[in-house]
Structures are given as structure tokens and as C-alpha cells.
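Novice: My questions will all concern the structure given below.
The values are calculated or read from the model by the stated rules, or taken from the named source; none is laboratory data. Everything numeric in this text was worked out from a predicted model, so none of it was measured. For neighbour counting, all protein chains shown are included, and Cβ atoms are generated from backbone atoms with ideal geometry for every residue, glycine included. Just so you know, the surface numbers come from the protein's heavy atoms only, side chains and all, with ligands and any DNA or RNA stripped out. Shrake-Rupley method; radii C 1.70, N 1.55, O 1.52, S 1.80 Å.
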Amino acid sequence: MWAYVLRKLLYNIPVYFGIILLMMAALRVNDPVNNYLGKHPTPEQRLALEKDMGLDQPFIVQYVRFIVHIPLLDFGDSWKYEGTTVRERLIRAVPPSLSFTVPTLLAAAMISIVVSLVSAYYRGRPVDKTLMILAVLGMSVSYLVYIILGQFFGAFWPREAQWSLAPFAISGYEPWIGMKDVEGGGSAFFFSPTTWVTYCLLPVIVGVIVAMGYDTRFYRAVMVEECTRDYIITALAKGATKRKIMFVHMLKNALIPIVTRVMTTLPFLITGSILLEMFFNIPGMGKTLITAINDNDFPMIQGFVAVFAAVMILTIILTDVIYALVDPRVRLS
Amino acid sequence: MMKRLAKSRGLRRFMRSKIAMAALAVIGLYFAVAILVGVFRVITPADATVRVLPSRYPGFLQRPTLDKRFEVAQWFIDRVETKLNFAERRKTDVRPLLDELALVERTVAQLSPERLRQLIDEAWEVSDEAGEGFDLRDDLLDDLDDATRELASHRDPDIDTATLRPVEELRAFIQGKRTEVQASSGEIDSVLTRLEAVVLRIQPLPTGWAGMKYTFRTFLGSDYGGSSISINAFYSIKVAFQVGIVTATICVFIGTVLGAAAAFFGGWVDHTVMWLVSTMSSIPYLVLLAVLVYMFRGTYFDTTSNPFLSLVPLYTAFCLTFWVGTCRVIRGEVLKIKELEYVQAATSIGFGRFYILLRHVVPNATHLMFINFSLLVIGAIKSEVILTFLGLGVKGQPSWGRMIANGQQEVINFAFWEIGSATVLMFGLVLVFNIVSDALQDAFDPKHVT
């Protein structure tokens with residue numbers, strides 16, 4: 001088992017180095033200093049920034065130095081926000097992202113599994129057809145449209161019409177769980193679900209609706225495929241009820257591909273949904289990255305990309321391992 | 001390759017699916033529009049920016065509100081009057097100035113300046129009348145508001161009810177005011193109709209062929225700058241096809257070549273390709289896009305207004321990410337085909353490896369190329385919207401992405417026409433491509449799980 005994990009890790013290290021190489025090269029195509037300072041910087045400014053990021057060194061030196069610093073998350077100081085390190089800003093951006101991506105992922109997975117079970121149970125019948133038509137229709141609308149209309153009808157309009165029930169903020173974010181300083185020293189734990197509902201529930205709903213179409217179709221296809229297997233026919237022959245076959249025999253086996261698919265969406269937890277964060281103004285990872293890009297904040301971009309790629313690779317390894325664990329047919333050797 | 005595909009059982013199964021045929025017909029319609037725009041230049045990018053209406057004029061045959069109608073009428077009168085005054089002060093000929101006011105086919109009437117002046121004065125008179133009507137209505141609405149608030153305070157325990165008018169009286173009062181508001185709205189409506197008739201004499205609607213063109217330009221309303229939404233939306237069909245077909249062709253080509261080579265030759269070729277595939281698929285999609293935005297910032301492609309070259313960053317982003325899926329699928333299929341008897345037979349006869357690959361292996365994976373092509377077109381059209389939002393997308397010509405991104409600001413002003421038309425047209429195209437790719441998959445690759 002551990003040998004398997006180790007081998008996967010070792011295999012993915014060159015992949016990770018490759019990504020870093022590509023990304024670092026891509027980020028240097030346009031001179032980062034010029035991008036930040038405009039077309040005509042003074043030589044002193046130039047030199048200071050180049051020294052800061054070691055941009056005056058040969059590429060290979062920069063590459064090795066960057067790789068060595070990755071495990072410590074030491075990516076230097078932000079250019080735009082002087083005095084803050086990239087690591088600080090990175091860590092600060094994680095909780096807002098998690099507070100809406102975790103519920104989105106869980107809710108989307110659960111609702112889609114239930115809907116696809118219903119669809120597979122009634123397969124070929126009107127219920128199934130309606131659900132699948134809805135899924136295709138839902139898939140055909142642009143992500144941005146869902147966000148814009150969701151924000152308008154969920155938050156903007158109720159507020160404009162002064163309804164008594166306008167639970168969602170149009171945009172913004174406030175911490176809803178954690179420690180805060182109390183007057184007179186010390187800190188206390190606080191937890192406020194209403195704040196979460198105000199700022200995070202609407203993005204969660206939009207995210208779930210977007211994910212539903214794709215997930216439901218995939219899960220239904222998996223389940224229908226599983227229904228044609230021999231063991232299902234055996235169970236039918238020995239007289240098990242249809243319901244029992246669906247929920248006991250089939251669901252267990254169908255869960256293997258479903259778990260894999262849910263795992264592949266895990267990087268989304270950290271990267272956050274850039275678009276949702278941009279529109280709802282949530283200061284998560286995605287929005288921080290986009291802000292850094294717009295500010296031409298080179299150290300931030302480089303650091304974020306390295307972290308995102310690492311998270312992605314770790315999830316891929318984790319997916320392989322979990323897949324091997326749940327499916328005994330996969331050989332570990 | 002094509003001949004063999006045409007005779008295949010899968011194609012017959014595909015043709016039998018009625019809904020897929022209907023979807024293909026719809027794609028044909030869209031494609032015809034794209035050809036008309038792209039090849040015959042029925043609509044040029046310049047048409048899309050020209051002013052055809054006052055800003056944010058409602059479309060979809062929706063009638064504008066009374067306030068909007070008043071505003072629009074005043075806008076029409078005002079701009080003609082400004083030009084007349086200007087010409088009078090400078091003592092120049094007014095005609096060229098008036099021609100500048102033309103809303104494409106809708107020109108200012110060919111009348112003498114004196115006659116126009118007369119009409120404008122008449123229009124201002126009617127407009128004043130309408131303004132009085134609006135004042136009256138606003139007073140009524142204020143009264144109504146006060147009464148409603150007073151009625152609500154009856155339920156408030158902190159307020160002494162004795163100071164308030166009794167509930168029954170208030171109810172009757174509100175009822176009376178409501179009918180008055182309705183009557184005054186009717187009055188305003190009739191005044192505005194007169195005002196619009198005068199405006200139509202100053203700047204009449206075109207008739208005949210020009211009139212039809214003008215109706216086409218205006219039936220979906222206008223955006224903030226007053227340019228036609230229908231022109232923008234229909235031009236975008238061409239952009240969508242351009243983006244979709246170019247990306248899908250390049251990606252399917254790269255994916256097939258690399259995937260087939262990796263599976264067929266194995267060894268270091270396979271290792272290199274698979275390393276490339278896992279590297280590319282380990283970069284989160286949106287992060288790659290963000291890096292590309294940074295990479296292309298300020299370069300020639302970012303600043304050019306050439307409609308083809310300005311799309312290069314977009315193509316780069318798509319081609320870097322989308323070939324991976326195709327490559328995986330083709331590699332899997334070729335690995336399977338490689339072991340089949342007919343390939344072994346061909347090898348035993350002594351055919352070369354390249355000959356076998358091109359003649360016997362790749363043709364048997366053609367169906368996968370078609371399915372992937374269709375899926376990639378969908379992906380490209382949908383991603384264009386996101387990329388445009390991030391600033392890497394289409395520039396110098398209209399696209400659905402730009403319309404939707406603009407629509408965000410318009411929606412707050414309750415103007416849904418821009419985002420609505422872009423969404424409806426895009427929804428139609430993506431939907432039919434979805435249906436076609438489903439049908440293709442069912443027909444050629446029925447065992448596949450999506």
C-alpha cells in the first residue's frame with residue numbers, strides 16, 4: 001500500500017517540476033518588471049525589483065532556487081502590497097474559499113446522486129426523460145449567465161423591491177467562524193450561521209445548479225451501465241426486489257466511478273471558483289489570483305500557480321490511491 | 001476514410017435518430033448565418049457599434065414605460081434642436097449636421113430649417129404638457145405613498161392612533177387615488193402618443209427595404225451606447241463558429257497525432273506524450289488561463305484590432321488545454337485496435353508501420369474524432385464567454401462573451417435584452433451541439449460511459 005503511494009508520488013514529481021518549468025517560462029515571456037512598472041522605469045526601481053525576485057540571475061538558477069523554496073511556501077514579498085509576504089496572503093485567502101466550496105461540493109454530489117438514482121430507477125420512463133432533458137438544457141446555458149441572473153434574482157431584486165425576506169447580500173464576505181479579539185484582551189470563539197447564509201449561501205446555490213447538469217448525466221450513465229451487469233440479473237433471478245437491487249447491490253458498485261469523479265473536483269476546494277468569487281466579491285484564492293494578475297504582482301502569481309499545481313497533483317495522487325482502495329480489482333503492484 | 005465512414009452501421013444509426021437530424025438542421029441554419037456574416041460580409045463589425053436607438057431601448061417587442069417614452073422623445077427633439085442652434089450661430093448649412101444625426105437608415109426629415117424649427121417648437125409644447133402630466137401623477141403617487149404608510153402605522157403600537165385618520169377613510173382615500181393615478185397615466189399616454197407623432201415627423205421611420213433593415217436592427221433593443229443588440233448577437237454567431245471550428249480542428253489534429261503515435265509506437269514516444277498529457281492536465285484550467293492573460297498582456301496580439309490576430313491568445317489557451325482529452329481517448333482506442341487480428345495480419349504481410357497506422361488503425365478511430373470535435377466546439381463556445389470576462393477573449397468585434405459581460409451592468413438597470421439575446425442564441429447553438437454529440441456517441445460508441 002505505502003509502496004504504491006510512494007511510487008505514485010515519485011512518478012508525479014517530474015510532472016510537477018515540468019509544470020513549474022512551463023509556468024515559470026510562460027510568466028517570463030513578458031518582462032515582469034516592465035509589466036509592473038510600466039514602459040519606462042528608472043534603473044534603480046528596475047534593479048531593486050530584479051534583485052528582489054532574483055530576475056537578474058540565469059533562468060536555471062532562478063528555477064532551482066524557486067523549487068527549493070516551494071516546501072517552505074517562501075515565495076517572497078508581494079510587490080503591490082508592500083510588507084506582506086505571499087505566504088500570508090495565500091493563507092488569508094483559504095478560509096473564504098473553503099467556506100463556500102466545501103458546501104457546494106458536498107451538496108452538488110449528494111443532490112446529483114439522488115437525482116441520478118431516481119433517473120436510473122425509472123429509466124426509459126417519462127420521469128427519466130424529463131430529468132435528462134432538463135440536465136441537457138441546464139448544461140447548455142453559460143456559467144456566467146447563471147451567476148449574473150442568480151445574483152440579480154437572489155440578492156439584488158429582493159433588496160430593490162424591499163421584500164421583508166431578502167436574506168442574501170449582493171456581494172462581499174465576512175468571517176463567520178473562528179477566533180476574534182475581545183475587548184479587554186484575549187480572544188473568543190465565534191460562530192454565526194446567519195453571516196454564512198448572508199454571504200455564502202447564494203454562491204453555493206449557484207454553484208450547485210451549475211454542477212448538477214454534468215454530474216447527474218454522468219452518474220446516471222454509470223448507474224445504467226451498472227444495471228446491465230450479470231450480478232444484477234442474478235439478483236433479479238433469485239427474486240430480490242427492484243428497489244433492493246438498486247440501493248443495495250448497484251449503488252455500492254456504482255459508487256466507485258462516482259467517488260473518482262468527486263475526487264477529481266477536489267482541487268476546486270482550494271482554487272475556489274474564480275468566477276463565483278469575482279462576481280460575489282469573495283476574497284478567496286481565485287479572486288486573489290485574478291487581483292494579482294490585474295496588478296501585475298509577479299511574486300504573487302508565481303507563488304499561487306506553484307501552490308495550485310501542487311494541490312492539483314496531490315489530489316490526483318489521492319484519487320488514484322482511493323480508487324485502488326475502493327475497487328479491489330485495481331492491482332496495487 | 002470518409003468513404004468507409006459513410007458505409008458504416010453507426011452512421012445509419014445516427015441518421016435514424018430524428019432529433020439528431022433536427023439538431024443538424026438547426027446547426028445548418030446557424031452555419032448559414034455565420035457564412036453570410038463571415039464570407040459575404042452582410043454584417044460588418046462597424047455595424048455593431050453604430051448608434052441605432054437611444055441608449056437601453058427595450059427589445060423583444062416589449063413596450064417601454066411612460067417615463068422611458070418621455071425620455072426618448074425628448075432625446076430625439078433635443079439633439080435636432082442642438083444642431084439647428086449650432087448651425088444658426090455659425091451661419092453654416094444645417095443639412096450636413098442633420099445628416100450626422102441619422103440612426104443608420106432613419107434620417108432626419110428632408111425639411112427646411114424653418115419648418116424643422118416649427119416642428120420642434122410644437123414638440124416642446126406637447127412635451128411641456130406631458131411634463132405637467134408627470135408632475136400631477138408624481139403628486140398623486142406621493143399622496144398614495146403617504147396614505148399607505150399611515151395605514152401601516154395603525155398597526156404600530158408606538159404611535160397614537162388618535163392622530164391618524166381612521167382606517168376606513170384611508171382605505172377609501174387610497175382606492176380613490178389609485179383610480180386617479182390610472183386616469184392620469186392614461187392621460188399621459190395620449191399626450192405621449194401625440195408627442196411621438198411629432199417626433200416621427202421630425203425623424204420619420206424608413207419605409208420599404210430600408211424599413212425592414214431598420215426593424216431588424218431594432219427588434220432586440222439597444223445597449224448602453226445605443227448600438228443594435230440584434231446586430232451584435234447575430235454577428236457573434238460567426239465569432240462562435242470561428243472560435244469553435246478553429247479550436248476543435250487544431251485540437252483534434254494534435255490529439256489524434258500524439259495519441260495515435262503514443263499508443264502505436266509505445267516506448268519513449270508513449271512516455272513523453274503521457275508526461276505531456278499529465279503535465280497539462282495537472283494545471284488547473286483557470287490558472288492556466290490566468291497565466292496566459294499575464295503572458296499576452298501588452299503584446300501585439302493584445303492590442304491589435306485585427307479580428308483574426310486578436311483571437312490568437314484565445315486559440316492558444318484553448319489549444320493548450322483541450323487537446324489532452326482527445327489525446328487520451330484516441331490513445332485508448334488505438335491501444336485496443338493495435339491488438340486486433342487485422343493489424344497483426346497486416347504486419348505479417350509486411351506492411352510498414354506508418355502505412356498500417358495511417359491505413360488501418362487511425363481510420364477505425366474516426367468516429368472518436370467526430371465525437372470529440374463536436375464536444376470541443378461546445379467547450380470552445382462556452383469557454384469563450386469566461387475568457388472574455390477574464391480579458392483574454394475577443395476584441396474588436398462583438399461576441400456573446402462580451403455581450404454577457406456587458407449585460408452584468410445592464411441587468412442592474414433592469415435591461416435584460418443584451419444578456420437575454422446572447423444567452424438565447426448561445427443556448428440554442430450549444431443545445432443542438434449537445435444533442436448531436438449525444439447522438440453520435442449513441443450511434444458509434446454505445447458502450448461508452450460519458
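Novice: Using modelled backbone amide H atoms (1.01 Å from N, in-plane), which distant-in-sequence or interchain residues come within less than 5 Å of B:SER227's amide H?
Specialist: When sequence neighbours closer than 5 places are left aside, the close amide H contacts are B:VAL52.
Novice: Carbon and sulfur atoms: what percent of the 1.4 Å accessible area of chain B do they account for?
Specialist: Working: 13670 of 22140 Å².
Here carbon and sulfur together make up 62 percent of the probe-accessible area.
Novice: Separate question: Mind checking B:294-303 for the average number of partner chain beta-carbons within 10 Å of each residue's beta-carbon? List each step's numbers first, then the result.
Specialist: Values: counts 15, 8, 3, 6, 7, 2, 0, 0, 1, 0.
The per-residue average across the peptide is 4.
Novice: Can you tell which of B:ILE381, B:PRO284, B:ILE27 lies farthest toward the positive end of the dipole of the protein assembly as shown, using +1 and -1 charges on the Cβ of basic and acidic side chains (Lys, Arg; Asp, Glu)?
Specialist: The Cα lying farthest towards the positive end belongs to B:ILE27.
Novice: For chain B, what are Rg and Dmax over the alpha carbons, in angstrom?
Specialist: 31.5, 109
Novice: Still on this structure: Between beta-carbons, use under 14 Å as the cut-off and find the net charge around B:ASP145, counting Lys and Arg +1, Asp and Glu -1.
Specialist: On the way: positive: B:ARG137, B:ARG149, B:LYS177, B:ARG178; negative: B:ASP138, B:ASP139, B:ASP142, B:ASP143, B:ASP146, B:GLU150, B:GLU180.
Taking every Cβ under 14 Å from that of B:ASP145, the sum is -3.
Novice: If you place +1 on the Cβ of every Lys and Arg and -1 on the Cβ of every Asp and Glu, how big does the dipole about the Cα centre of region A:54-117 come out, in debye to the nearest 20?
Specialist: Values: 5 positive and 5 negative charges, 33 e Å.
Computed about the Cα centre, the dipole is about 160 debye.
Novice: Taking N as the number of residues in the protein assembly as shown, what is its Cα Rg relative to 2.2 N^0.38 Å? Walk me through the intermediate numbers first.
Specialist: Numbers: Rg = 31.8 Å, N = 783, 2.2 N^0.38 = 27.7 Å.
Relative to the 2.2 N^0.38 Å estimate, the protein assembly as shown comes out at 1.15.
Novice: Can you tell me, using C-alpha contacts under 8 Å and at least 6 residues apart, the relative contact order of region B:353-406 as a whole percent? Working shown, then result.
Specialist: Numbers: 22 pairs, mean separation 12.7, N = 54.
Contact order relative to length: 24 percent.
Novice: With every protein chain kept in place and ligands, DNA and RNA left out, what is the accessible area per residue of region B:1-118? Probe 1.4 Å, answer in Å². It would help to have the intermediate numbers written out before the result.
Specialist: Numbers: 7460 Å² over 118 residues.
Result: 63 Å² of accessible area for each residue.
Novice: Let me ask another. Consider all pairwise Cα distances in region B:89-152 and report the whole-number % of them above 15 Å. The partial results should precede the final answer.
Specialist: On the way: 1414 of 2016 pairs.
More than 15 Å apart: 70 percent of the Cα pairs in region B:89-152.
Novice: Can you give the mean number of other chain Cβ atoms that lie within 10 Å of the Cβ atoms in peptide A:132-145? Write out the running numbers ahead of the final one.
Specialist: Working: counts 1, 0, 0, 1, 5, 3, 0, 5, 13, 7, 16, 6, 14, 10.
Counting Cβ atoms of other protein chains within 10 Å of each residue's Cβ and averaging gives 6.
Novice: Can I ask one more? Share of region A:264-333's accessible area from carbon and sulfur, percent, 1.4 Å? Could the numbers behind the result be given before it?
Specialist: Details: 1560 of 2410 Å².
Of the solvent-accessible surface of region A:264-333, carbon and sulfur hold 65 percent.
Novice: Could you tell me what percent of the accessible area of region A:1-137 is made up of carbon and sulfur, with a 1.4 Å probe and every protein chain present? Intermediate values should be presented prior to the final figure.
Specialist: Working: 5360 of 7720 Å².
That share works out to 69 percent.
Novice: Region A:231-276: which residues show an accessible-area loss of 40 Å² or more, assembly versus chain alone, 1.4 Å probe?
Specialist: A:ILE274, A:LEU275
Novice: Ignore the peptide's own chain and count Cβ atoms of other chains within 10 Å of each Cβ in B:273-279; give me the average, rounded. Display every interim value, and only then the final one.
Specialist: Details: counts 0, 1, 4, 3, 1, 9, 11.
Mean inter-chain Cβ contacts per residue within 10 Å come to 4.
Novice: For region B:193-332, with equal point scatterers placed on the C-alpha atoms only and solvent neglected, what are the log10 I(q)/I(0) values from the Debye formula at q = 0.19, 0.20, 0.22 1/Å, to two decimals?
Specialist: -1.14, -1.20, -1.29
Novice: Say the dipole of chain A comes from +1 at the beta carbon of Lys and Arg and -1 at that of Asp and Glu; which of A:LEU275, A:VAL326, A:ALA120 then lies farthest toward its positive end?
Specialist: Of A:LEU275, A:VAL326, A:ALA120, it is A:ALA120.
Novice: Shifting gears a bit: Taking chain A as the reference, fit the longest principal axis to its C-alpha atoms, fit the long axis of helix A:59-69 to the helix C-alpha atoms, and give the angle between the two in degrees, 0 to 90, nearest 10.
Specialist: Value to nearest ten degrees: 60.
Novice: Here's another thing I want to ask about it. In whole Å, what are the extents of region B:1-114 along the principal axes defined by its C-alpha atoms, from largest to smallest?
Specialist: If we take the Cα atoms of region B:1-114, the spans are 79, 34, 19 Å.
Novice: Using only the Cα atoms, work out Rg/Rh for region B:239-283, with Rh taken as the Kirkwood radius, to two decimals. Don't skip to the end; give the middle numbers.
Specialist: Numbers: Rg = 13.0 Å, Rh = 11.6 Å.
Expressed as Rg/Rh, it is 1.12.
Novice: Hey, another quick one. Under 5 Å between amide H atoms, partner at least 5 residues away or on a different chain: which partners does A:PHE75 have, H built in plane at 1.01 Å?
Specialist: Under 5 Å from the amide H of A:PHE75 lie the amide H atoms of A:VAL86, A:ARG87, each far enough along the sequence or on another chain.
Novice: In terms of Cα to Cα distance under 19 Å, which aspartates and glutamates are near enough to A:LYS238, apart from those fewer than 8 places away along the same chain?
Specialist: Leaving aside aspartates and glutamates fewer than 8 places away in the same chain, those within reach of A:LYS238 are A:GLU226, A:ASP230.
Novice: For region B:171-326, report the accessible area per residue in Å² (1.4 Å probe, heavy atoms, rounded to an integer).
Specialist: Working: 6300 Å² over 156 residues.
It amounts to 40 Å² per residue over region B:171-326.
Novice: Also: Under 15 Å from the Cβ of B:LYS447, count the other residues' Cβ atoms, weight Lys and Arg +1, Asp and Glu -1, and hand me the total.
Specialist: Neighbourhood net charge equals -2.
Novice: Dipole of the protein assembly as shown (Lys/Arg Cβ +1, Asp/Glu Cβ -1, origin at the Cα centre): which of B:ILE77, B:GLY244, B:LEU101 lies farthest to the positive side?
Specialist: The one lying farthest along the dipole's positive direction is B:GLY244.
Novice: Right, something else. What is the interface area between chains B and A, defined as buried accessible area summed over both chains with a 1.4 Å probe, reported in Å² to the nearest 100? Walk me through the numbers before you get to the answer.
Specialist: On the way: alone 24310 and 18890 Å², together 38970 Å².
Roughly 4200 Å² of accessible surface disappears when B and A pair.
Novice: If the only charges are +1 at each Lys and Arg Cβ and -1 at each Asp and Glu Cβ, what is the size of the charge dipole of chain B around the Cα centre, to the nearest 20 debye?
Specialist: On the way: 46 positive and 46 negative charges, 801 e Å.
Dipole about the Cα centre, nearest 20: 3840 debye.
Novice: Quick one: angle between helix A:285-295 and the longest Cα principal axis of chain A, in degrees between 0 and 90, rounded to 10, please.
Specialist: Compared with the principal axis, the helix lies near 40 degrees.
Novice: About the Cα centre of the protein assembly as shown, what is the dipole size in debye to 20, counting +1 per Lys and Arg Cβ and -1 per Asp and Glu Cβ, all else neutral? Don't skip to the answer; put the middle values down first.
Specialist: Details: 74 positive and 69 negative charges, 1044 e Å.
Rounded to the nearest 20 debye, it is 5020 debye.
Novice: For region B:208-257, what are Rg and Dmax over the alpha carbons, in angstrom?
Specialist: Over region B:208-257's Cα set, Rg and Dmax evaluate to 17.2, 55 Å.
Novice: For region A:8-65, taking Cα atoms only, what is the radius of gyration to one decimal and the Dmax to the nearest whole Å?
Specialist: When restricted to Cα atoms, region A:8-65 yields Rg and Dmax of 14.4, 49 Å.
Novice: Would you please classify the overall shape of region A:1-100 from the alpha carbon gyration tensor, given that a ≥ b ≥ c denote the square roots of the eigenvalues, rounded means a/c under 1.5, and beyond that prolate means a/b larger than b/c while oblate covers the rest? Intermediate values should be presented prior to the final figure.
Specialist: Working: a/c = 2.58, a/b = 1.53, b/c = 1.69.
Cα axes put region A:1-100 in the oblate bin.
Novice: Here is a further query. Normalised by the number of residues in chain B, what is the relative contact order in percent for Cα pairs under 8 Å and 6+ residues apart?
Specialist: Values: 515 pairs, mean separation 107.3, N = 450.
RCO, chain B: 24 percent.
Novice: Does region B:330-450 come out rounded, prolate or oblate, given a ≥ b ≥ c as the square roots of the eigenvalues of its C-alpha gyration tensor, rounded meaning a/c under 1.5 and, failing that, prolate meaning a/b above b/c? Each step should come with its number before you reach the end.
Specialist: Details: a/c = 4.92, a/b = 2.92, b/c = 1.69.
Prolate shape, in that a/c is at least 1.5 and a/b is the bigger ratio.
Novice: Run through every distinct alpha carbon pair of region A:289-330 and return the Kirkwood hydrodynamic radius in angstroms, one decimal place. Don't skip to the end; give the middle numbers.
Specialist: Details: mean 1/r = 0.0823 Å⁻¹.
This gives a value of 12.1 Å.
Novice: If the viscosity is 1.567 mPa s and the temperature 4 °C, what Stokes-Einstein diffusion coefficient in µm²/s follows for region A:212-333 when Rh is the Kirkwood radius over Cα pairs?
Specialist: Details: Rh = 17.5 Å.
Value of D from the Cα-based Kirkwood radius: 74 µm²/s.
Novice: Put one equal scatterer on each alpha carbon of region A:195-266, apply the Debye formula with no solvent term, and list log10 I(q)/I(0) at q = 0.22, 0.24 1/Å to two decimals.
Specialist: Evaluating at q = 0.22, 0.24 Å⁻¹ gives log10 I(q)/I(0) of -0.94, -1.03.
Novice: Given Cα pairs under 8 Å that are at least 6 residues apart, what percent is the relative contact order of chain A? Write out the running numbers ahead of the final one.
Specialist: Numbers: 324 pairs, mean separation 92.0, N = 333.
Here the relative contact order equals 28 percent.
Novice: Suppose all protein chains stay in the model; what accessible area per residue would a 1.4 Å probe give for region A:173-248, in Å²?
Specialist: Values: 4420 Å² over 76 residues.
Dividing the accessible area of region A:173-248 by its residue count gives 58 Å².
Novice: Given a 10 angstrom Cα cut-off, can you work out which residue in A:VAL29, A:VAL145, A:VAL86 is the most mobile in a GNM of chain A?
Specialist: A:VAL29
Novice: Whole number please: convex hull volume per residue, Cα atoms of region B:78-217, in Å³. Display every interim value, and only then the final one.
Specialist: Working: hull volume 24.4 nm³, N = 140.
Spelled out: Cα convex hull of region B:78-217, divided by residues, is 175 Å³.
Novice: Can you divide the C-alpha Rg of region A:119-216 by 2.2 N^0.38 Å and report the result to two decimal places?
Specialist: Details: Rg = 19.2 Å, N = 98, 2.2 N^0.38 = 12.6 Å.
In units of the 2.2 N^0.38 Å rule of thumb, it is 1.53.
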